[in-house]
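The values are calculated or read from the model by the stated rules, or taken from the named source; none is laboratory data. The structure presented is a predicted model; accordingly, all values stated were derived computationally and were not measured. We place every Cβ from the backbone using ideal geometry, glycine too, and count neighbours over all the protein chains shown. Just the protein is used for accessible areas: all its heavy atoms, side chains included, with ligands, DNA and RNA removed. Shrake-Rupley method; radii C 1.70, N 1.55, O 1.52, S 1.80 Å.
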Amino acid sequence: MAMSQKKYNFTPILAAKWLLNLYKDMANTKNATIREIIIDRCLSDRHGRYSVRDLMEACNRRLEEEKMDLITSTTTIRLDLNNMETHYGVHIVSEKVGRNIFYRYARRGESIFHMQLKENELQLLNQTMQLLSRFEGVPHFEWLEEINSRLSSQFLMNPANQKPVVAFDENPYVEGMKYYRAVYSAIVKKQVLEIKYQSFKKPEPFTYTIHPYFLKQYNNRWFLFGWYEDWNEITNIPLDRITDLKHVSRPYRENKDVDFNQFFREIIGVSFPKGAELTEIHLWVDRQQWPYIKTKPLHASQRVVQENEDGSAEIAIEVIPNFELESRILAQGMHMKVLSPEIFRERIHAQVKQALWNYESEIKPLL
């Protein structure tokens, strides 16, 4: 059965349906939503007749346009019809003509997109929008602001009456975020960047020529990883230390060396000290802190060597020692102690002694 090929338009109801489905089932949302849009249009067509196979063919035409998986069984359409009646309260009637059964809405003008959302759905939608709003300002997510404003207008959602139930540990005031969009774009477009970097240790900025590969957030800061030409190796630059950047016209060096899905598995944080190697580190944790470290491991490699009768424990992690690991251990204070290797134990010991010295004396620090 032929039908109009015009693209479906944005409506607040459609946006709401999409967002609610996104919250519930990320994997199948788009395919299912497109099917419901096409089936709804067919059932609303008073001048056409649509069997289950006609509906499947209509859906597949659109799915093919969207380069998505096609429907291979009419059972999928029958389940869609049942779901539409159950979820939206529409009334779908069947009419047998000869050996064929055709479907339509019982009332003229009926549509799943004319249904009002229930109060619990409005609350869920509002919370979903608050969660997704974290991505506002990130390239390719500009549509969030438009959807948010249209939904607020359509459903009269009052943010003052909707208390958030999800919070994220982030700092919206961190410096350098103004460069995020340009850096992200350069990675996607494979453009070389010339970056002015202001070190905490030097008065004048330093210029890097970087082939950008990857952005990672750690401890509320964003870091750019890329190939630094002068060192002929991958380095990282915190965005909050960038003072200026521009594109430079030169061949882009493709990333063929590093799988960033694996890159960070051997460290805590983002630092890769030169010459450092993967090391097995043994730590003692006292009885007070052990339940926390047990349920929230320091690193994915953490394993229990032994649990002691006094409630303390010895654990081992296999990581590359770096600044972030030292900070995590020092943050545990008296509750954690490095057992081995000796060179790392002495490094932590020296920092603990320095901290004690800072409290006991006004003498210039040893380190």
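Accessible surface ranking for 53, 62, 1.4 angstrom probe, highest first: 53, 62. Round to a whole number: what % of the accessible area of segment 269-350 belongs to carbon and sulfur, probe 1.4 Å? After summing per-atom areas, the C and S share lands at 52 percent. Neighbours of residue 291, meaning other residues whose beta-carbon lies under 14 angstrom from its beta-carbon, give a summed charge of 0 when Lys and Arg score +1 and Asp and Glu score -1. Rolling a 1.4 Å probe over the heavy atoms of the protein chains gives segment 224-308 an accessible area of 62 Å² per residue.
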